[in-house]
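The values are calculated or read from the model by the stated rules, or taken from the named source; none is laboratory data. All of these numbers come straight from a predicted model, not from anything done at the bench. For neighbour counting, all protein chains shown are included, and Cβ atoms are generated from backbone atoms with ideal geometry for every residue, glycine included. Note: areas computed on protein heavy atoms with side chains; ligands, DNA, RNA excluded. Shrake-Rupley method; radii C 1.70, N 1.55, O 1.52, S 1.80 Å.
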Amino acid sequence: IVPPPGVYAAYNIVDSRRRYGMMYVGDQRQKFAFEVNLFDFDGDLYGDTVSVFPTAFVRGTMQFADTGALAKQIAHDEVTIREMFNIR
C-alpha cells in the first residue's frame, strides 16, 4: 500500500531500536519515490532492514525554485516533526 504523496512524521525500527524521522512519498511523476530521513543518526543502512511507520501526514508535495528553497522547507519540516514527537 502506497500512502498519498507528501511528507510524513515517521518512526523507524533499526536494529531493534526506535528512531524518529520523516518520510517522503513522491507522486507518479517521480515513480513513487520513497525516502526516509532519520533524525540524529549517523551511519550506513544500505542492505539493512528498516521498518518504517508513518504516524502523521505533514504536507503534500511541493515544487521548489531551487535546491536552497527545498533545503529550507526540509529544515522547517524537521522542526515541525520534532515538535510532534516532542524531541529536540
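Observations on the structure shown:
- Computed from the C-beta positions of Ile13 and Asp66 and an R0 of 35 Å, the FRET efficiency is 0.50 to the nearest 0.05.
- Carbon/sulfur fraction of accessible area - region 1-75, other protein chains in place, 1.4 Å, %: 53
- Averaged per residue, the chain has 71 square angstrom of accessible surface, using a 1.4 angstrom probe with ligands and nucleic acids left out.
- The order of Glu35, Glu83 by accessible area, most exposed first and with a 1.4 Å probe, is Glu83, Glu35.
- Label separation (Gln28 vs Val50): 2.8 nm, computed from points 7 Å beyond Cα along the C-beta direction.
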